[in-house]
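Input: a single structure, listed below in structure tokens.
Each value in this text was obtained by applying a stated rule to the coordinates, not by laboratory testing. This structure is a prediction, so every number in the text was calculated from the model and none was measured. Using ideal geometry, Cβ is built from the backbone for each residue, glycine included, and neighbour counts are taken over all protein chains shown.
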Amino acid sequence: MNNHTPAARILIVDDEAQIRRFLRISLKSQGYQVLEAETAAQGLVLAATQSPDVIVLDLGLPDADGKTVLKQLRTWSKVPVIILSVRETESEKVVVLDAGANDYVTKPFGIQEFLARVRNVLRLPGSTAGADVGLYDDGHLHIDLARRQVSVAGDTVHLTRKEFAVLKTLITHPDQVITQTQLLREIWGPTHMRDTHYLRNFVGKIRQKLRDDSDEPRYIQTEAGVGYRFINRQPD
Amino acid sequence: MSSPGLAAIMRWWSSSSRDEFRAIRYNWSMDTTSDSRPVPQVTRSGIRREREGALKIFLGASPGVGKTYKMLETAREVHREGVDVVIGLIETHGHTEADALCEGLEQIPPVQINYRGEHLREMDLDVILKRSPGVVLVDDLAHRNLGGTRHPCRYQDIEELLGHGIDVWTAVNIQHLESLNDIVARITGVRMHETVPDALLSAARDVVLVDLTPRELIERLHRGKVHVPTQLRAALEGFFSPSSLAALRELALQTVAERIDRDVREVMRDQGVTGPWPVRTRVVVAVDGIGNSEEVVRRGRRLAERQRAPWSVVFIDPGGTGPEQRAHVERAFALAERLGGETLTLRGHDPIAELLIFAREHNATTLVVGRSRRRPFAGMFGRTLSQRLLRQGGEFEITFVPSPAVGERRRHRGLRHRDPARYYAFALAVVVTAVAVAAVIQPLLPLANLSLVFLTGVLLVAVRTAMRPALFAALASAAAYNYFFTEPRYTFAIHRTDELLTVAFFLLMGLTGGQLAGRLRNQLLALRSTNKQTQALLSLSHRLAAAVDIPTVYREATTVIAEHLHVPVVLMAPGENGRLVQTADSSQDTQDPGDKGRLAAQWAYDHRQPSGFQTNTLSGIAWRFLPLAFEEECFGVIGVSRPGQGTVSSEQLAAIDALVNHVTLAVGRTRLATRLEQAKVAEETERLRSALLSSVSHDLRTPLASMIGAATSLRSLDDALSTEDRYELMDSLITEGERLNRYIQNLLDMTRLGQGTLKLERDWIGIDDIFNAASRRTRELLRGRQLVRSIEAGLPLLYVHPALIEQALVNVIENAAKFSPEGGEVRIAATAEDSELLITVSDGGPGIPPEQRGKVFDMFFTGGDGDRGKYGSGLGLAICSGMIGAHGGRIEALPGPHGRGTTIAIHLPLVELPAEDKEDLA
């Protein structure tokens, strides 16, 4: 079960006791160490003193705005952050993701989804458990980032420079959401951060080339209103 | 109050409430010297329409020149070109050629009117309006309508047609023009009574001169081709003489020439060609109601026209003017308004001074005055008015309008105000008393001083009655003094010089004193009258300002106006379908203005113009309706009943206008206030709604998140979980489910409370039962905390809706649990106080700051920063408050025991057990 040797430490910052409870139980059962904080202030203190490997931050804290907490955190820490949010307003999520959060889960959520996010985020370079993503091969899709080669079922696929850049961003954060603004800013620069329709067409083209444009894309998943996620289908 | 001040107030008061009204009515003449052109959308009758109809006038010098013929000819031409032309009313008088021209044009049948036994035909205005043609031909612009029609004059019918966007062609003779009335009378010897305001001619789009030389006209007359109106038949010779016709022809040509001149100037102005525009001056016309006031007005107007200056007609009221004089002034004013001038009434005892002040203030350059009648004693007591005017008004150009024939003047003298006979009787009585008193005190005083007794008498008469009886008293006293007291007694001869002088000086004093006192009295009367009117206005203002809703405004309005005018007043406001409905009236029983009255009221409302007596519309009824018009809206009409049979003075009409203005403003203001209130309520509702939405979103989802999280954990991580873990998760499921239930219950209760559908089903229940139920429901919540109960023994039963009180208590306990630290205490207690049961729930938490203690019971009050407040969804305590309140109790937040934490105190009223039950229980 554990694919990392030292037990990762996870800090849960949420004011709802019941939510902390089931998260604690579940995480502990998977071998993680769990720290709990009820308020943002407490959370920041624990983050600074206990060096958690992942922070799970609830956006509905009574004493602070999620974005503010994140901004503050990011001034001195790169620790991965997963946000819990009840909000349906996608723009809120995007704001916090752009402010430095790595992924999000919307309440109510199933435990499996949550655990997957945690695992994924722990694989990031910069966390104690790193992973090398210079090469992707799941038997169907093969991507060599260094040599800029992409092939699907053996056939070479030609991607334009920008298309490749988008794919690269997605693939270097496997299973993690990348916000639209992030993609647009990286590829097209800060002046195009609002051209989400453009991005949508773009991703559609990429899907087409990867022969992944059926109703249920296998590789590039759309997180409506937030961004896109590349699903890692490599066997473990 | 000094006289100039008084005059200034009067000036303001008379003119301000009328200016607006005039400006709409006769837009063009007010603007003759302003830079902007008249606003084309506002028609002569004040109705705003997209496009006003165009008026084309066929002008002739006299009957018989062929105006009707020319009009019909032109109509046929345009009809051939496809224009929708109809004949409204044409009098061909059996002229076969004209009749032939009528063929082929649609004729609107006239309406038959039975007038004093005669069958007459009048133009059918309503049918024409309904038909709404492009152009309608209406002959004889100056015609006076007979009884039963909407307007008294045909030109007003035509104005209404124009106002509805219908073009009108009409024909008129030059002699019917208002301003030329006097000149025509002098030329022809016949004074026209059917007149047409000059404004109509000036505002017409086209004026076509139909010209015929006098010789040709006379020829036609002899051939019997001219229809001579009844009025002229008697003066046929005079009217149709070559010289008269020539003069009339010249008049017509002159009028048209002036018009062309004006048109040219307008074109020049439009194209930016600067002309020698005159400096803005004004012509002031003074009328006194005694002399030839109407002619003075006409003269003034011609002068103003020539100078292209605005003109005003003023009447300076020294007080004590009689009704006949006033009526004369009214007629002159009415004429002035028709001719397009401003009218004002000034108050002041010195007409010349007032006139000059007014003229100077208004930058007048020319004064037009009627020649004053010769006054007796003029030489002795000062110059005649004319002389004084010439002397003091040196900076003005003064025109004296000659008075008409002597016969007229003699007639006018009879208009002088007569003092009642009883005044003279009083004066006589006073003199007699004075004689008696003097006789009695004669032994005590020297002769000369006896005159003081008589002087007292004269002053008494002056103060109590009027000036002339006082002068009479002075003369009588002098005579009596002479007769009874000077040597030789009982004769009118005076032998001693000193006594002669005494009598002479007494007479002097008496006359002067009498005059002064009389003048003072007049001033006082004028002041009182003004005061009364101002008071009415003030009173109305106050009462309207205090009125908070529209019905009150209406009520106050009708009451005050009725009180001031001493006549019944009604107010009609639009009902559902836009038609007027009587809303308020001044007397106890409902006034009914009658069918015609309602028609007039509706007309006034639709056209936003007054109707009824002394207006141009439906003037035969006994009511006058004034619209309450405010900017674009019309709120309704106020109807004023006519007092008695006489005419109402223009002052009173102005007073009514001012009062109605006030009412309109008050209604406008109240409406705005209501709308503001509604906007505020809407804003508040919106705020609550969005708070509710965000609350629902969050507070429903949170327990669900825990439930789904716990359930999925149980399912997927089963093998990794210990038994303890499993039980914890399952507990979590249950607890959160219950919490969800509570929240949903809260929402439902809140909805019911809000809608007022919360029904109390009361029952007798003990507080301990309620406590038990609440404790059971909150057990999980209170885990880790101590619940301490202290219920007083022997508490009476509560008569309440058990579930609601239980819910309220649960909410309070939930709140306390949230704020109690781990291991802390939550205390609930119940005691009886007087007629109330007091329940308290205390926690040892951080407490509520004093300034928020009242607010915690507000809906959605959470009192914290951040995404969500500290105190929960904000509904719980609000619902408590609602439920307790529904039982007649109250709830409050207090500092906790020993000043730490919070205590929520609930007071519930205790109800007496019914007597029989008490006995049963005993």
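For the pair the stretch B:193-219 / the stretch B:782-838, the C-alpha centres are spaced 99 Å from each other. In this structure, B:Glu361 and B:Gln652 have a Cβ-Cβ separation that, at R0 = 30 Å, corresponds to a calculated FRET efficiency of about 0.70.
Just check the stretch B:445-508 against the gyration tensor rule for me: Cα atoms, a ≥ b ≥ c as the square roots of the eigenvalues, rounded for a/c under 1.5, and otherwise prolate or oblate depending on whether a/b exceeds b/c. It comes out prolate by the Cα gyration axes. Amide H contacts for B:Val569 (H built 1.01 Å from N in the peptide plane; partners 5 or more residues away or on another chain; cut-off under 5 Å): B:Ser586, B:Ser587.
Panel order for B:Tyr155, B:Tyr727, by other beta carbons found within 10 Å of each beta carbon, from fewest to most: B:Tyr727, B:Tyr155. Under 24 Å of direct C-alpha separation, and excluding same-chain neighbours fewer than eight residues apart, B:Lys855 reaches these lysines: B:Lys680, B:Lys818, B:Lys870.
Do you know the relative contact order of chain A, to the nearest whole percent, from alpha carbon pairs under 8 angstrom that are 6+ apart? Across chain A, relative contact order equals 13 percent. A Förster distance of 51 Å, applied to the separation of the beta-carbon atoms of B:Ala673 and A:Asp195, puts the FRET efficiency at 0.55.
The phi torsions of the stretch B:172-177, fed into the Karplus equation with coefficients 6.51, -1.76 and 1.60 and a -60° offset, translate into couplings of 7, 9, 4, 5, 8, 5 Hz, rounded to whole numbers, with Gly and Pro shown as x. Round to a whole angstrom and tell me the spacing of the C-alpha centers of the stretch B:336-367 and the stretch B:684-716. If you average the Cα positions of each part, the centres end up 80 Å apart. The distance from the alpha carbon centre of the stretch A:1-64 to that of the stretch B:454-483 is 114 Å, rounded to a whole number. FRET efficiency for the pair B:Tyr483 and B:Leu445, taken as 1/(1 + (r/R0)^6) with r the Cβ-Cβ distance and R0 = 22 Å, rounds to 0.75.
Length, then width, then depth: along the principal axes, the Cα atoms of the stretch B:647-791 run 106, 44, 25 Å.
Spacing of the modelled spin labels on B:Leu524 and A:Ala165, each 7 Å from Cα toward Cβ, amounts to 10.1 nm. Shown in residue order for the stretch A:44-58 are the 3J(HN,Hα) couplings computed by the Karplus curve 6.51 cos²θ - 1.76 cosθ + 1.60 at θ = phi - 60°: 5, 4, 5, 4, 6, 8, 9, 6, x, 8, 9, 10, 9, 10, 8 Hz (x for Gly and Pro).
Listed values for the stretch B:696-707 are Karplus-derived 3J(HN,Hα) couplings in whole Hz (6.51 cos²θ - 1.76 cosθ + 1.60, θ = phi - 60°), namely 4, 4, 6, 6, 7, 6, 4, x, 4, 4, 4, 5, and x replaces Gly and Pro.
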